[in-house]
Structure formats: C-alpha cells, structure tokens
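S.K.: Got a structure for you, questions after.
The values are calculated or read from the model by the stated rules, or taken from the named source; none is laboratory data. Remember, it's a predicted structure, so these values are computed and weren't measured experimentally. Neighbour counts run over all protein chains shown; Cβ positions are idealised from the backbone, glycine included.
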Amino acid sequence: MIRVLIADDQALFREGLRKVLEANGFEVVGEAADGEEAVRLASESAPDVVLMDLRMPVLDGVGATRRIAQLPRAPRVLALTTFDDDASVFDALRAGALGYLLKDTQSVRLVEAVELATRGHAWLQPSVAAKVVNEFARSPPAPGKRDVAADLGLSEREVAVVRALGAGASNKEIAVALRIAEGTVKNHVTNIFAKLKVHDRTQAALRARELGLM
C-alpha cells in the first residue's frame, strides 16, 4: 500500500484529499498544516509520497520540499497548489519536487501522479510542462561549459538524448528522431540519470540546463 503525507494549511482541503486517496487504496499516514510540520512528519512517518502545498505558514512548501529532499530516505514530493506562475513552478522543481499539479486537477490524474511518483516518474500538469519546455527553448546554453559532457562521461548520443528530454520528448519520439530503437533510448536515459545523479526526466532536464548541456 502506498503511504501518503498531505501538507496543506486548509483543513477542509486536507479532509477532501484524504477521502480521495483512501478511496483509491492509499494509506494517508499524516496531515501537516505548515511546512515545518510536513518536514517532521515526513521524517517520522516515512511516507512514500508527500503532496505539498506551496503557500503555507511557518515554512513554505518550497522550503519544506528542499529539507525533505535531504532526508536519509527521502519520499517523493509532488507539489499540489493553486499557483502555476513561473517562479512557483521552477522554485518547486529546483527544490526537489518530482511533479507539479494544480488543485483543480481531476482525481484520476492525482492518483496516477502518486502511483508514478512511487516508481520515480515525474508528472507535470500540461500547462506546467509547457513552461518547462519553453524555458529550455528560450534560454541560451551557459558559457564556458562546453566540456562538461566529457567531464561527466556523457557520449554524443547521450547528450542528444538529454537535449530531447529537455524539449519534453518521449522515448518513442526520441527514438524516431535519432533513428534508434526505443529500448536503446531507455538504456541511454538510465545511463544519463546515473551520470547526472538524478532520478527522473524532469530533474535530468533541469540539471542539463544548469550544466549548459542544452
């Protein structure tokens, strides 16, 4: 059974979210009304996934996400908020959130996101995914980092896959574009995760942008 921690300062929303999660077979191991409490409960109750609101008292969701990501056995964090402005999106992802959902998302999508998170897969609201791709598209590569791929042991093909990830391409789309088998793409993605020290496609894309690989 997947264990979930809810972090939101609105009691009524937490109650409704608990009902949705439990109706779909998840175990809600705790509820936090602020970021500090979320960090404490994440450490004590060892959830698989934390659903994290971003605007909370005491410690906001970004700060809480950053601290939770540093726990010895860190759970996956999914941002669940009403805000989809650029600052909120990129602050949450850089802090370590694996996914980003808006509170008006359908319950079936929420359930899917939680299940994917337990397997280390990201889930982004479509409008948020568009922001991520657009950010990569308009930002020039960082200067002075042309040799970073070699330093990380990335092959030319792996760099091409990283860039495709940053553009939001699926494994199938990458396979078609590079004229290789989809299984080969999956192997490249696994190697890229290891070399960039990340756990999902979103983090790989952000890390590649930071390193100037895009």
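S.K.: Can you go through Leu71, Leu12, Leu78 and tell me which one is crowded, with 16+ Cβ neighbours inside 10 Å and not β-branched (Val, Ile, Thr)?
M.R.: Sole residue among the options that is crowded, with 16+ Cβ neighbours inside 10 Å and not β-branched (Val, Ile, Thr): Leu78.
S.K.: Starting from the range 97-126, take each residue that is surrounded by 14 or more Cβ atoms within 10 Å (Cβ to Cβ) and list its partners that are part of a strand (DSSP E or B) and acidic (Asp, Glu), counting only C-beta distances under 9 angstrom and pairs at least six apart or across chains.
M.R.: Here the result reads none, with nothing in the range 97-126 linked to a residue that is part of a strand (DSSP E or B) and acidic (Asp, Glu).
S.K.: Would you check which residues across the range 186-200 are among the charged types (D, E, K, R) and at pLDDT 90 or above and list them?
M.R.: Residues satisfying the conditions are Lys186, Lys195.
S.K.: Out of the residues in the range 82-101 that are more than 21 Å from Arg209 (Cβ to Cβ) and more than 14 Å from the chain's Cα centre (by Cα), which is modelled with the lowest pLDDT?
M.R.: Phe83
S.K.: Could you list all residues from the range 15-39 that are surrounded by 14 or more Cβ atoms within 10 Å (Cβ to Cβ) and charged (D, E, K, R)?
M.R.: Correct list: Arg18, Glu31, Asp34, Glu36, Glu37.
S.K.: List pairs: first residue in the range 9-24 and in contact (Cβ under 8 Å) with a residue 24 or more places away in the chain, second residue part of a helix (DSSP H, G or I) anywhere in the structure, Cβ distance under 6 angstrom, at least six positions apart or on different chains.
M.R.: The qualifying pairs are Val20/Ser107; Asn24/Val111.
S.K.: Could you pull out the residue among Val108, Val77 that is hydrophobic (A, V, I, L, M, F, W, C), modelled with pLDDT of 90 or more and more than 18 Å from Asp8 (Cβ to Cβ)?
M.R.: Going through Val108, Val77 in turn, just one is hydrophobic (A, V, I, L, M, F, W, C), modelled with pLDDT of 90 or more and more than 18 Å from Asp8 (Cβ to Cβ): Val108.
S.K.: For the range 49-67, which positions are part of a helix (DSSP H, G or I) and closer than 19 Å to Leu116 by Cα?
M.R.: If the condition is that a residue be part of a helix (DSSP H, G or I) and closer than 19 Å to Leu116 by Cα, then Thr65 is the only one that fits.
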